[in-house]
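The block underneath contains the structure these notes are about, expressed in structure tokens.
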Amino acid sequence: MTPFKNVLVATDFSEPSASALTYGRELARRFRATLHLLHVTDSVYLQYVGDAYPGISPEFQAEIEDAARGELDGLITAEDRTDLHVKPVLRTGLSPARVIVDYSREQAIDLIVMGTHGRGAIGHLLMGSVAERVVRTAPCPVLTIHHIEREFVLPDLTVALAYAAL
């Protein structure tokens, strides 16, 4: 297996994204890789071009980006700052999947880690899945994490011995 030099965690600040960040941190630590932490904000202006929203000001977009930047910086712990090389990145676009894939190409990302909401068939049909689009189009492996995560902990010795006896 090729060692990872650049691990990307794409976050939308949801619980599944928090779980993905746990995995991304651990992988970056174990491989001594750079951890790229990416959030994609909607481009409010581009989203409503041609609609009846001519009064959207550039300041509104700046407020959205400032809030997202603050939340992104809040995800980086003091421990991250001392033992990881973390690169927080904020991008704006209409398609989060495309922005994630483009960023992964630009930065030679070796692994993308992202949460998945597991909406079910109807929700998936109506809303689609950013994670699914990234998996289909990414230039590197993608690890998707459901909200309920497995811990990076060694099993208790008695539990391990019980399983070994089976």
(Q) Cβ-Cβ under 9 Å, sequence separation 6+ or interchain: first residue in the stretch 89-101 and over 17 Å from GLU63 (Cα atoms), partner of a type in the set (Val, Ile, Thr) and at pLDDT 95 or above. Which pairs? (A) ILE100/ILE112; VAL101/ILE112
Q. Which one is nearest to ALA28 (Cα to Cα) among residues in the stretch 81-135 that are more than 13 Å from the chain's Cα centre (by Cα), among the aliphatic types (A, V, I, L, M) and at pLDDT below 90?
A. LEU94
Q: Go through the stretch 26-46 and give me each residue that's under 17 Å from the mean Cα position of the chain (by Cα) and either among the hydrophobic types (A, V, I, L, M, F, W, C) or closer than 17 Å to GLU71 by Cβ (or both).
A: LEU27, ALA28, ALA33, LEU35, HIS36, LEU37, LEU38, HIS39, VAL40, THR41, ASP42
Q) Would you pick out the residues in the stretch 13-63 that are hydrophobic (A, V, I, L, M, F, W, C) and either loosely packed, with under 15 Cβ neighbours inside 10 Å or at pLDDT below 85 (or both)? A) PHE13, VAL44, LEU46, VAL49, ALA52, ILE56, PHE60, ALA62
Q. Any residue in the stretch 69-80 that is modelled with pLDDT of 90 or more, under 24 Å from ARG133 (Cβ atoms) and among the hydroxyl-bearing types (Ser, Thr, Tyr)?
A. no
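The values are calculated or read from the model by the stated rules, or taken from the named source; none is laboratory data. Nothing here was measured: the structure is a model prediction, and the numbers come from that model. So basically every Cβ, Gly included, is an ideal-geometry build from the backbone, and we count neighbours across all protein chains shown.
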